[in-house]
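Everything on this sheet refers to the single structure shown next.
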Amino acid sequence: MHWLEHKIPPPLVAALAGVAMWFTAQASGGVTDSAPRTAAAVLLALVGLAFDVAGLHAFQRARTTVNPLRPGGASALVVGGVYRATRNPMYVGLALLLLAWTVYLGAPLALLGVAAFVAYITRFQIVPEERVLAQKFGPEFAAYRSRVRRWL
């Protein structure tokens, strides 16, 4: 299944998971309004967006590519800022947005969408990216990988 590596943009994978989660919620009784649940969803979404923006900003400061479909174009190994907490803040951000969507939908089965997103991104995006980074940045990436977790 190597043919799926770096083929689908992660935001599209997240969007597809979100649509599937919507259908799951509809099939399990639909969405009902709840002010506390909505507030929690908004808070989670803001945290997710903060991870995404911080990751993008760090890449822009380092003047390296933000294109996840072409990890070989990386010109720098970004290890500062939010990258001290996670090797994949933009994917963490997308996962948190999906978690916020789950909370908003109020459908526990929708968590399967978050799990599917994490599994897909890990297998077809992160692992292949890490292979490229290991080849490109060698011991520097190995040291970074040993001290910073892949997700959180």
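Screening the chain for whole DSSP H helices of 30 Å or more along their axis (Cα) with average Kyte-Doolittle hydropathy at least 0.5 returns 35-62. Over the chain, accessible surface divided per residue gives 54 Å², non-protein components excluded, 1.4 Å probe. Computed extension gain for Val127 through Lys7, at 0.36 nm per residue and net of the alpha carbon distance, reaches 41.9 nm.
Subtracting the Cα-Cα distance of Val19 and Ala50 from their residue separation scaled by 0.36 nm leaves 8.9 nm. The mean sequence separation of alpha-carbon pairs under 8 Å and at least six residues apart, normalised by the residue count of the chain, gives a relative contact order of 37 percent. Take every Cα pair under 8 Å whose residues are at least 6 apart in sequence, average their separation, divide by the length of the stretch 24-87, and the relative contact order is 24 percent. Using the Cβ of Gln125 as centre and a radius below 14 Å, the other residues enclosed give a net charge of +3, where K and R count +1 and D and E count -1. For Arg145, neighbours were defined as the other residues whose beta-carbon sits under 14 Å from its Cβ, and their charges (Lys and Arg +1, Asp and Glu -1) total +4. Taking only protein heavy atoms and a 1.4 Å probe, the accessible area of the chain is 68% carbon and sulfur.
Seen from every direction in turn and averaged, the convex hull around the alpha carbons of the stretch 9-132 projects onto 7.4 nm². Each Lys and Arg Cβ is given +1 and each Asp and Glu Cβ -1; about its Cα centre, the chain then shows a dipole of about 500 debye. The trypsin sites (Lys or Arg not before Pro) of the stretch 11-112 meeting both criteria, a DSSP state outside H, G, I, E and B (loop) and at most 13 other C-beta atoms within 10 angstrom of the site's C-beta, are Arg63. If the chain linking Ala85 and Arg63 were pulled fully straight, counting 0.36 nm for each residue of separation and taking away their Cα-Cα distance, it would gain 5.9 nm.
Put the Cα centre of the stretch 73-143 next to the Cα centre of the stretch 1-68 and the gap is 11 Å.
The values are calculated or read from the model by the stated rules, or taken from the named source; none is laboratory data. This one's a predicted model, so the numbers in the text were calculated from it and none came from an experiment. Don't worry about glycine lacking a Cβ; one is built from the backbone with ideal geometry, like all the others, and counts go over all protein chains shown. Heavy atoms of the whole protein, side chains included, go into the accessibility calculation; ligands, DNA and RNA do not. Shrake-Rupley method; radii C 1.70, N 1.55, O 1.52, S 1.80 Å.
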